[in-house]
Each structure stands twice: as C-alpha cells, then as structure tokens.
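Here's the structure we're looking at; comments come further down.
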Amino acid sequence: TNTTSIIPDSNFSQLVQKTGADKISLCFQCRKCSSGCPLGFAMDYLPDVILRMVRLGMNDRVLNSNTIWLCASCETCTTRCPNEIDIAGVMDALRHISIAEGKISPDVKNIPKLHEAFLGSIKAHGRVHETGMMTDYIMKTNPLSKLKNGELIDLSRLGWDMMRRGKLNIRPRKIRQTEDIKKVFAKSKK
C-alpha cells in the first residue's frame, strides 16, 4: 500500500490548460472517453482519470503514467466527449510536458524516443520518412543491445523486404511547404 500523501499542484492544471486544453474544466466524468478508448485495457489510468488528476494538480502521477504514452491519438475520446474536450490534445500536451520535465515512466522509456524520431522526421521532411525515422529511433534506443540479441538483423531483413515490395523508400519524399512545417514547429516552441 502506498502511504505517500498527495499534494495537489494547482499550477500544473493551469500549465496544461495553457497548452490549449482550456476546456478541461468542463469534464464531468461521464467516462465516455474511457469506455471508447481502444487502448484502455493497457493503460494504468483511463483517460477520464487522467483528466481528473490534471484538474486536481496531481502532476507526478500524470506525468509518470503509461497512459499519456500509450494514447494512440486516434481521437475516439475527443469525438465521444459531450463537452468537446480535445482529450487527445491534452494527452499530447502532457507528453510534451513530461519530456520537458524529464518525468517518464521506466515502463515506457523508449516510447518518447519514438515520439521524438517521428516529430523529427516530420520537421525535416514535412511527412514521415519511415526508414529515416526507424534508423533514428534505433540509434536512440541502444543499437548495440539490439545487435547482440539479433533484433537489429531481424529489423534489417524486414526493412529490406518492405523496400523490395515498394512499401518503404530509401530517400524521403518532401512536401512543397517544408518552410510552413518549420514555422509550425518554431511556433509550437513558444
């Protein structure tokens, strides 16, 4: 039994709301978001509980939870919310706060690295370049251990097979508006 007392941090709720989750206070815990979540079975806290904990300022529990990293941003929760709370957006904001504060659950330590590789690919090319993204991800997640256990060889074979079938490209395809994408990333840092 955990006997640690919880001291709510009201500034945390305000910080999350400043990231664009300004409707979070409208949540009345109907649980429609949680009942429709396709990944709810794997989460340590369901989406409605995360919203409640944010409102209560329970930042350590929220930022160290697996839920914010397991959220697939499918927006089922957002669509189901009767108060039109952008719950998927809240989860994204929480991921960014978690990275900024260095509070990441050891159970999901590699998911933020995949998140960074994904965003890096979009920033560089305007869209995801799977080959480059996975190479970046592998380099961030201890490639030597993957080489020792044969995982890197298996991934290389899979990648080669996908390239042969035309499912992966060696070179990235860029979009025309890469400067617009860079502006979005620059604006999001403010």
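The values are calculated or read from the model by the stated rules, or taken from the named source; none is laboratory data. Note that this is a predicted model, so its numbers are computed, not measured. All Cβ positions, even for glycine, are placed from backbone atoms using ideal geometry, and neighbour counts span all protein chains on display. Note: areas computed on protein heavy atoms with side chains; ligands, DNA, RNA excluded. Shrake-Rupley method; radii C 1.70, N 1.55, O 1.52, S 1.80 Å.
Taking +1 at the Cβ of each Lys and Arg and -1 at the Cβ of each Asp and Glu, which of 155, 93, 110 sits farthest along the dipole of region 77-164 towards its positive end, judged by Cα position relative to the Cα centre?
Ranked along the dipole, the leading option is 155.
What does the extension gain come out to for residue 101 and residue 123, with contour length at 0.36 nm per residue minus their alpha carbon separation?
Residue separation times 0.36 nm, minus the Cα-Cα distance, leaves 5.7 nm.
Would you mind listing how long region 16-116 runs along its three principal axes, going by Cα atoms, in whole Å with the largest first?
33, 27, 20
Looking only at region 23-54, which residues have a backbone nitrogen under 19 Å from a spot 7 Å from the Cα of residue 74 in the C-beta direction?
Flagged as within label range: 31-51.
Over region 93-190, what per residue volume does the convex hull of the Cα atoms give, in whole Å³?
108
Only four residue types carry charge here, +1 at the Cβ of Lys and Arg and -1 at the Cβ of Asp and Glu. Report the dipole size of the chain about the Cα centre in Debye, rounded to the nearest 20.
That gives a dipole near 760 debye.
Quick check: residue separation of residue 14 and residue 148 times 0.36 nm, minus the Cα distance between them. What number comes out in nm?
Length gained, residue 14 through residue 148: 43.6 nm.
Roughly how large, in nm² to one decimal, is the mean projection of the convex hull of the alpha-carbon atoms in the chain?
Mean projected area of the Cα convex hull: 13.6 nm².
Extending each Cα 7 Å along its Cβ direction at residue 60 and residue 23, get the distance between those two points in nm, one decimal.
Roughly 3.3 nm, to one decimal.
What Cys residues in the chain have no fellow cysteine's beta-carbon under 4.7 angstrom?
27, 30, 37, 71, 74, 81, each lacking another Cys Cβ under 4.7 Å.
If packing is taken as the average number of other Cβ atoms within 10 Å across a peptide's residues, how do 118-125, 49-56, 175-182 rank, most packed first?
Highest-to-lowest ranking by the protection proxy: 49-56, 118-125, 175-182.
Rolling a 1.4 angstrom probe over the protein chains, ignoring ligands and nucleic acids, what is the accessible area of residue 101 in square angstrom, nearest 10?
90
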